[in-house]
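Only one structure is covered here, and it is reproduced in the block below.
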Amino acid sequence: MRILPRDVAADPLGGVNVAIYDTAQAVLHTQQRPERFPEDFRARASALLLRSQNADGSWGSTHWPSRYRLVPTLAATAALAADDAGRAAFCHGLRYVVRHRGELAPDAQPDLTAVAFIVPALLEQLERSIARGMWQGKELYEPHRIVHATVAAAKVPMTSAGPEQPL
């Protein structure tokens, strides 16, 4: 059987897409160990993230349910937190996460790996990126405290069973 690129592109669920999560992780690693990457790598990878953001603020295929777009969106948002050129995309991604924060609850996640490791680690990375003070002296279109509150609000479903269920 021969599969042509146009056949792959015609199938929205089977197409080859940019690996947003992996690209975002690479950008995060360039922040920690820049000497291990080519000089222009971070700028090119960040530009790819910026080009790949969906109109609703998420990253990932728009054919996927929103809960499947939360991991790439959290990853890209954390990666762009330190990028001046990515401020608008960062804000837009953060708003997407807040709108869909109920889907961060463990029972709403698509798999155990996301529940146990990926989502909590990405929320912590996002919080660390903001706490490092990288937004001090810069306008984020929203006050600094609002960003911290947004991250905290996104974490609520991860730490609470809700008002009607005991923890």
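Of note:
- The one condition in (1) under 15 Å from the mean Cα position of the chain (by Cα); (2) at pLDDT below 80; (3) among the β-branched types (Val, Ile, Thr) that THR159 fails to fulfil: (1)
- Considering the conditions (1) outside any helix (DSSP H, G or I); (2) without any contact (Cβ under 8 Å) to a residue 40 or more places away in the chain, ARG51 is excluded by exactly one of them, (1).
- LEU104 vs. criteria buried (at least 18 other Cβ atoms within 10 Å of the Cβ) and either closer than 22 Å to ALA26 by Cβ or of a type in the set (A, V, I, L, M, F, W, C) (or both): yes
The values are calculated or read from the model by the stated rules, or taken from the named source; none is laboratory data. Everything numeric in this text was worked out from a predicted model, so none of it was measured. Cβ coordinates were reconstructed from backbone atoms using ideal geometry, including for glycine residues, and neighbour counts include every protein chain displayed.
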